[in-house]
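The values are calculated or read from the model by the stated rules, or taken from the named source; none is laboratory data. Since we're looking at a predicted model, the values are computed, not measured. Backbone-built Cβ (ideal geometry, glycine too); neighbour counts: all protein chains shown. We work out accessible area using only protein heavy atoms, side chains counted, and drop any ligands, DNA or RNA first. Shrake-Rupley method; radii C 1.70, N 1.55, O 1.52, S 1.80 Å.
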Amino acid sequence: MSRIGRLPVEIPAGVEVKIEAGNKVTVKGPLGTLVKELPVEMDIKLEENQVVVTRPSDLKKMKSLHGLTRTLIANMVTGVTKGYEKVLEINGVGYRAQKQGKKIILSLGYSHPVEMEDPEGLESVLEGQNKITIKGIDKEKVGQYAAEIRDKRRPEPYKGKGIKYADEVIRRKVGKTGKK
C-alpha cells in the first residue's frame, strides 16, 4: 500500500465534501468552495467524517495515482479551512512593487514597468515596497501565480538581485577577478 495513499483524510467541522460520478470532488468550507476532477481509476469513499482513497490494482500507474489523489483531496480540505500563501521578496537597488486595485506594478530594472493582474480567487498583499504575499484557497493557483511573478526577474547568483521566495536560498557565486 502507498504510505500516503492509505491514510484517510480527516474532514474538520464546518467542511462539506461531496463525491459525484466521475470522481468529481466538491469541498465546501468557511473560506470558499473548490471543485476538482480526480483520476477516475481511484475509488473515493466518504466514511463518517473521513475520505478514504483505494486503488483497484497494484500496477505502477495505480500506485502513483493513489498517493496523488489522496494528497489533492487533503490540499482541498486544507485550502477551504486555512488557505494557502506564498511570500515573495524583491531584492535590488530600485526594484519595487506597487499595488493598484487588483494589479501589481513591478519596477524591475527594465525600461518599462511590469503589470500583473491578480487571477480570480487570489489576492496579493504588499508589505512595504519589496514583499509580496499571495493568498488563496487553491494551492495550485497560489503556487502558479507566485512562480509567474518570480519569473519576471529571477534572482541572479552574483549580487542576489531579483524576485525570490521568502524561504529560498540563493547560491552565491564569486565574481571575476582582474588580471595584474
Per-residue HN-Hα couplings for the range 59-66 [Karplus 6.51, -1.76, 1.60; θ = phi - 60°; Hz; x = Gly/Pro]: 5, 4, 4, 5, 4, 6, 5, 4
Fluctuation leader among K61, K103, K152 - the chain, Gaussian network, Cα springs under 10 angstrom: K61
If I take every Cα pair under 8 Å that is 6 or more residues apart in the chain, average their sequence separation and divide by the length, what percent do I get for the relative contact order? 18 percent
Running a GNM on the chain with Cα contacts under 10 Å, which residue among A146, A74, A13 ends up with the highest mean-square fluctuation? A13
1/(1 + (r/R0)^6) with r = Cβ-Cβ of D167 and S64, R0 = 30 Å, i.e. FRET efficiency to nearest 0.05, evaluates to 0.65
Please enumerate, by chain and number, the aspartates and glutamates with C-alpha under 18 Å from the C-alpha of K99, excluding those fewer than 8 residues away in the same chain. E85, E89, E115, E117, D118, E120, E123, E127, E148
Residues in the range 68-92 reached by a label modelled at V40 [backbone nitrogen below 19 Å; 7 Å Cα→Cβ]: 69-70
Which entries in K63/K86; K102/K176; K28/K152; K61/K141; K61/K152; K63/K152 show an alpha-carbon gap greater than 32 Å? K102/K176; K28/K152; K61/K152; K63/K152
In whole percent, how big is the carbon plus sulfur part of the accessible area of the chain, probe 1.4 Å, protein atoms only? 50 percent
In percent, what relative contact order does the range 1-83 have, based on Cα pairs under 8 Å that are 6 or more apart in sequence? 37 percent
Looking only at E48, E127, E156, which one moves most when the chain is put into a Gaussian network model with springs between Cα atoms under 10 Å? E48
Let's see if you can work this out: charge +1 on each Lys and Arg Cβ, -1 on each Asp and Glu Cβ, no other charges. What is the dipole magnitude of the chain about its Cα centre, in debye to the nearest 20? 1440 debye
Computed over the chain, protein heavy atoms only, probe 1.4 angstrom, the accessible area per residue in square angstrom equals 63 Å²
Expected unfolding gain across V125-L7 under the 0.36 nm per residue rule, minus the alpha-carbon gap, is 39.0 nm
Karplus ³J(HN,Hα) for the range 158-172 (6.51 cos²θ - 1.76 cosθ + 1.60, θ = phi - 60°; Hz, whole; x = Gly/Pro) runs 8, 10, x, 6, x, 9, 10, 5, 4, 9, 7, 10, 9, 6, 8
Rounded to a whole number, what is D in µm²/s for the chain from Stokes-Einstein with the Kirkwood radius over alpha-carbon pairs (25 °C, 0.890 mPa s)? 130 µm²/s
Using just the helices of the chain, give the 222 nm mean residue ellipticity in deg cm²/dmol: DSSP H runs with n ≥ 4 each add -39,500 (n - 2.57), and the total is spread over all residues, rounded to 500. -6500 deg cm²/dmol
Could I have the simple spin-label model distance between K176 and K24, label points 7 Å from Cα toward Cβ, reported in nm to one decimal? 6.0 nm
